[in-house]
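Working notes, beginning with the structure itself.
The values are calculated or read from the model by the stated rules, or taken from the named source; none is laboratory data. For clarity, every value in this text was computed on a predicted model and none was experimentally measured. So basically every Cβ, Gly included, is an ideal-geometry build from the backbone, and we count neighbours across all protein chains shown. When the accessible area is computed, the model is the full protein with side chains, heavy atoms only, and any ligands, DNA or RNA have been set aside. Shrake-Rupley method; radii C 1.70, N 1.55, O 1.52, S 1.80 Å.
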Amino acid sequence: MSGNTIGKLFTITTAGESHGEALIGIVDGCPPGLALTEADLQGDLDLRKPGTSRHTTQRREEDLVKILSGTFEGKTTGTPIALIIQNTDQRSKDYSNIKDTFRPGHADYTYDQKYGFRDYRGGGRSSARETAMRVACGSIAKKYLKQEYGIEIKGYLSQLGPIKAENFDWLEVRNNPFFCPDANKVEALEEYMGALRKSGDSVGARINITANNMPVGLGEPIFDRLEADIAHGMMSINAVKGVEIGAGFESITKKGTEHRDAITPAGFKSNHAGGVLGGISSGQDILVSIALKPTSSLRLPIDSIDKEGSPVEVVTKGRHDPCVGIRATPIAEAMLAITIMDHVMRHRAQNSNVVSITPIIPASI
């Protein structure tokens, strides 16, 4: 199976299945000399791990990461960094009833058609369990970007089903199990998720991610535009069905006089472009939004087929997130960090000595 590596100069490769022995990650291209221990990675993993609230899957994984190579005396050596996370709470028997059937909305049918057979235990490689290793790898990128460039990457849940955040406070994001920036919406989210769990149904969500203190000049036109690679990384996350940069689809209803971002010596007047112009970072904040579909693993029956193509009724047992968006924030942060880190390395390799006579314009007035 190809397609398990992302990036060109800063690359991550992942391996492992939902109910396999472990998840594996290889990070290549990290510069030497970065102070790095497991503790630097564990914080984000703890935010993503399952079983942290009654609103997510009750699978109990500690998601303890171990660094196997690429560091010496607490610092990166410039060689590949190998990571491992053991799976400790598999319940493969939960999936025995779907061994010979296909769950609608999942990769069961497509995997079987492509490879001739599949690991039916929790979806195998197609499971969102794989994203735990992305979060670990992304933490390396986040630390380097913050330390060397001051770039800070943060995300939050802006909408869950019909409930939208209306007030905004970054300090509130890590204060509740939803990563919601609006404290006034937490009670409504609790009630909504309680009713959703009781009904056996699921719902989608919207996550917003930002990168602050961005440098000017990241991005490789034409096909490796910064926003194109960001969209690639975000769309590689399980359940993501839409990506917006800046104003996104709202651009459809805007006139050019409204959408273009005026530039003054004192700074940009707006950021409808989302921090990217012509595929290259403008120095403004990178603004990304992703839409995640509702979970398809439900205890409610649905029509499907078995391996012989005969009609069947499928009921999915096991432990599943009624809203995958609740745990998606650290995953989206990781993918944005990995993408920006790769472009930082590419820019440094080709353009580190470039000097423009035009002054750098502040991100905003």
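In the stretch 347-365, the residues that are more than 28 Å from Gly7 (Cα to Cα) reach residues that are in a loop (DSSP other than H, G, I, E, B) and among the hydrophobic types (A, V, I, L, M, F, W, C) with C-beta atoms within less than 8 angstrom, at least six apart or across chains, in these pairs: Pro362/Ala266; Ile365/Ala266.
Restricting the first member to the stretch 233-261 and to residues that are within 16 Å of Ile331 (Cα to Cα), and the second to residues that are among the aromatic types (Phe, Trp, Tyr), no beta-carbon pair is closer than 8 Å while six or more apart or on different chains. Between Ala188, Ala165, Ala262, the distinction of being loosely packed, with under 13 Cβ neighbours inside 10 Å and over 28 Å from Tyr144 (Cα atoms) belongs to Ala262 only.
Could you tell me whether any residue of the stretch 321-342 is among the basic types (Lys, Arg) and open to solvent by 40 Å² or more (accessible area, probe 1.4 Å)? Within the stretch 321-342, none of the residues are among the basic types (Lys, Arg) and open to solvent by 40 Å² or more (accessible area, probe 1.4 Å). Could you tell me whether any residue of the stretch 110-120 is farther than 22 Å from Thr339 by Cβ, surrounded by 13 or more Cβ atoms within 10 Å (Cβ to Cβ), over 15 Å from the mean Cα position of the chain (by Cα) and among the small types (Gly, Ala, Ser)? No, there is no match, as no residue in the stretch 110-120 is farther than 22 Å from Thr339 by Cβ, surrounded by 13 or more Cβ atoms within 10 Å (Cβ to Cβ), over 15 Å from the mean Cα position of the chain (by Cα) and among the small types (Gly, Ala, Ser). Filtering the stretch 191-209 to residues that are open to solvent by less than 20 Å² (accessible area, probe 1.4 Å) and not in a loop (DSSP other than H, G, I, E, B) leaves Met193, Leu196, Ala205, Ile207, Ile209. Each residue in the stretch 211-242 was checked for being at pLDDT below 95, open to solvent by 40 Å² or more (accessible area, probe 1.4 Å) and within 16 Å of the chain's Cα centre (by Cα), and 1 pass. In this structure, Thr316 does not satisfy being surrounded by 20 or more Cβ atoms within 10 Å (Cβ to Cβ) and either of a type in the set (Gly, Ala, Ser) or modelled with pLDDT of 95 or more (or both).
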